[in-house]
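A.B. asks: Dropping the structure in here first, questions after.
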Amino acid sequence: MTPCLPRELAPRLDQALKRMPVVVLSGLRQSGKSTLLTEERRLLTRTYQTLDDFEVLAAARSDPQALLETSDPVTIDEVQRCPELLPVIKRVVDRARKPGRFLLSGSANLALIAGVSETLAGRAVYLTLFPMTRREIRRQTQRPSLLMRLLAEGHFPQGSVQPISNSEILLGGLPPVCLEPEQDPELWFRGYVQTYIERDVRQLSQIADLIAFRNFTNLAALRTGQLVNISTLGRDAKLSAATAARYLHLLEASFLIRQIPPFLNNRSSRLVKSPKLYFTDSGLAAYLTQTHSLDVAAMEPMRGPLFENYVLQNFSSILEAHLPDASIAFWHEQGRHEVDFVIESRQKVWAFEIKAAARWSESDLNGLKAFMERTPQCVAGILAYNGKSTVPLGPKLWAVPLGHLLA
């Protein structure tokens with residue numbers, strides 16, 4: 001039995017229910033949504049219905065009005081299985097607009113699913129539950145996030161910290177794996193991928209060739225941390241560019257991948273404008289790429305991308321819970337400089353270069369320095385490395401251990 005640990009998003013979810021009539025909680029399958037909905041103490045008074053229950057699903061399709069009016073407030077899990085409920089929810093809310101009336105949850109992004117025309121605009125707020133963060137796994141959510149302190153105060157903790165282990169990256173943040181690693185993670189991921197293809201994809205879209213889609217998914221995983229090139233990806237998967245674009249859309253709609261946009265807040269003509277591709281969970285990306293070791297001696301090409309992926313999923317979860325207006329991008333001048341992640345919030349910008357190694361060289365700072373020269377609103381440049389100590393490197397420039405940054 002996977003233990004239930006406090007989730008960083010829970011307080012924000014509670015606040016949203018006090019303000020909006022509809023709250024939609026989405027996220028990757030097995031990220032812990034149902035556990036949060038059924039075991040978070042602030043949600044225990046709500047009536048819980050799941051459309052994974054075939055009787056409930058049949059009732060929702062035959063008489064959605066009756067299902068919605070049986071109780072108030074109500075939580076409906078896996079709502080993407082019956083999108084016909086959304087127009088009815090809109091009508092119910094318009095008749096009596098009460099905060100927290102409906103809490104909807106699903107493992108698909110309703111804003112991206114074709115055929116879902118009712119977006120509940122003005123009636124709903126959308127939240128995303130990401131895989132578990134390092135803070136959540138280590139039961140540290142009662143402490144202030146050091147990333148948030150950095151963004152708010154420019155404060156950097158001193159002292160020694162233990163590096164992030166390779167196993168943390170390979171396990172990722174899906175609760176059945178990261179909380180119970182002794183249960184054979186590879187076997188679990190195999191079943192997870194099979195279930196995803198056979199259930200979620202068929203539910204979202206008709207896929208004629210599931211083998212081709214699975215091959216496409218594996219090829220996408222090998223491009224973790226790289227610029228998205230639909231034509232090249234389609235060619236390698238032996239698919240047309242149109243089909244490759246549709247498959248990528250499906251991966252994004254089911255929260256398996258994220259596309260990070262470029263930061264374009266300056267006028268350089270050499271700035272790359274294509275998005276970068278990352279998987280929502282580093283453990284899943286490691287499984288799909290058949291990466292079994294991240295030891296330096298193994299010379300594994302996915303080592304750097306998977307570390308980046310792990311940092312991104314932690315950043316995303318922390319910002320979703322504490323600074324939802326923030327955006328994450330990357331910066332890349334073709335043939336010159338790049339910065340892995342740029343966080344922007346309220347006209348302020350922070351730049352992060354991620355290094356899986358425990359040491360850095362002066363050349364590792366080139367991208368950060370170039371970005372800061374071109375971006376006056378940049379508050380700080382952070383070389384996040386897998387070492388032990390925080391080191392000031394110059395005006396607004398620091399080397400910070402990943403273990404501190406994600407604590």
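The values are calculated or read from the model by the stated rules, or taken from the named source; none is laboratory data. These figures come from a predicted structure and were not determined experimentally. Glycine gets a Cβ as well: all are built from the backbone with ideal geometry, and neighbour counts include every protein chain shown.
A.B. asks: Just one of LEU406, LEU383, LEU397 is crowded, with 16+ Cβ neighbours inside 10 Å and out of contact with any strand residue (DSSP E or B) (no Cβ under 6 Å at 6 or more places or on another chain); which is it?
C.D. replies: So the residue among LEU406, LEU383, LEU397 that is crowded, with 16+ Cβ neighbours inside 10 Å and out of contact with any strand residue (DSSP E or B) (no Cβ under 6 Å at 6 or more places or on another chain) is LEU406.
A.B. asks: A follow-up question, please. Inside the range 232-328, counting only helices (runs of 4 or more DSSP H) that do not spill past its ends, which hold 2 or more residues that are farther than 16 Å from PHE213 by Cα and out of contact with any Phe, Trp or Tyr (no Cβ under 6 Å at 6 or more places or on another chain)?
C.D. replies: Passing ranges, in order: 282-288, 303-322.
A.B. asks: Ok, one more. Given (1) surrounded by 18 or more Cβ atoms within 10 Å (Cβ to Cβ); (2) farther than 30 Å from ASP14 by Cα, where does SER317 come up short, assuming only one miss?
C.D. replies: (2)
A.B. asks: Filter the range 330-375 for residues that are closer than 23 Å to PRO301 by Cβ and of a type in the set (Gly, Ala, Ser) and give the result.
C.D. replies: Within the range 330-375, GLY335, ALA356, ALA357, ALA358, SER361, SER363, GLY367 qualify.
A.B. asks: Just to verify a result, which residue in the range 356-376, among those that are part of a loop (DSSP other than H, G, I, E, B) and without any contact (Cβ under 8 Å) to a residue 40 or more places away in the chain, is surrounded by the most Cβ atoms within 10 Å (Cβ to Cβ)?
C.D. replies: It comes out as TRP360.
A.B. asks: Give all pairs with beta carbons closer than 8 Å in which a residue from the range 5-19 that is under 14 Å from GLN140 (Cα atoms) and modelled with pLDDT of 95 or more meets a residue that is crowded, with 21+ Cβ neighbours inside 10 Å and among the basic types (Lys, Arg); count only pairs at least 6 apart in sequence or on separate chains.
C.D. replies: Listed pairs, sorted by first residue: GLU8/ARG135.
A.B. asks: Then there is this: Just to check your reading of the model, which residue among HIS322, HIS337 is surrounded by fewer than 20 Cβ atoms within 10 Å (Cβ to Cβ) and either aromatic (Phe, Trp, Tyr) or modelled with pLDDT of 95 or more (or both)?
C.D. replies: Residue meeting the stated conditions: HIS322.
A.B. asks: Name the single residue that is nearest to TYR310 (Cα to Cα) among those in the range 136-165 being in contact with a helix residue (DSSP H, G or I) (Cβ under 6 Å, 6 or more places away or on another chain) and surrounded by fewer than 13 Cβ atoms within 10 Å (Cβ to Cβ).
C.D. replies: Among them, the one singled out is GLN162.
A.B. asks: Those residues that are within 19 Å of ALA152 (Cα to Cα) and basic (Lys, Arg), I need them from the range 324-368; list them, please.
C.D. replies: Across the range 324-368, the qualifying residues are ARG346, LYS348.
A.B. asks: Suppose the filter is farther than 24 Å from PHE330 by Cα and either at pLDDT below 95 or outside any helix (DSSP H, G or I) (or both); does THR224 pass it?
C.D. replies: Answer is no for this residue.
A.B. asks: Tell me which residues, restricted to the range 132-187, are among the acidic types (Asp, Glu), touching a Ser or Thr at 6+ places or on another chain (Cβ under 9 Å) and under 25 Å from THR390 (Cα atoms).
C.D. replies: GLU136, GLU168
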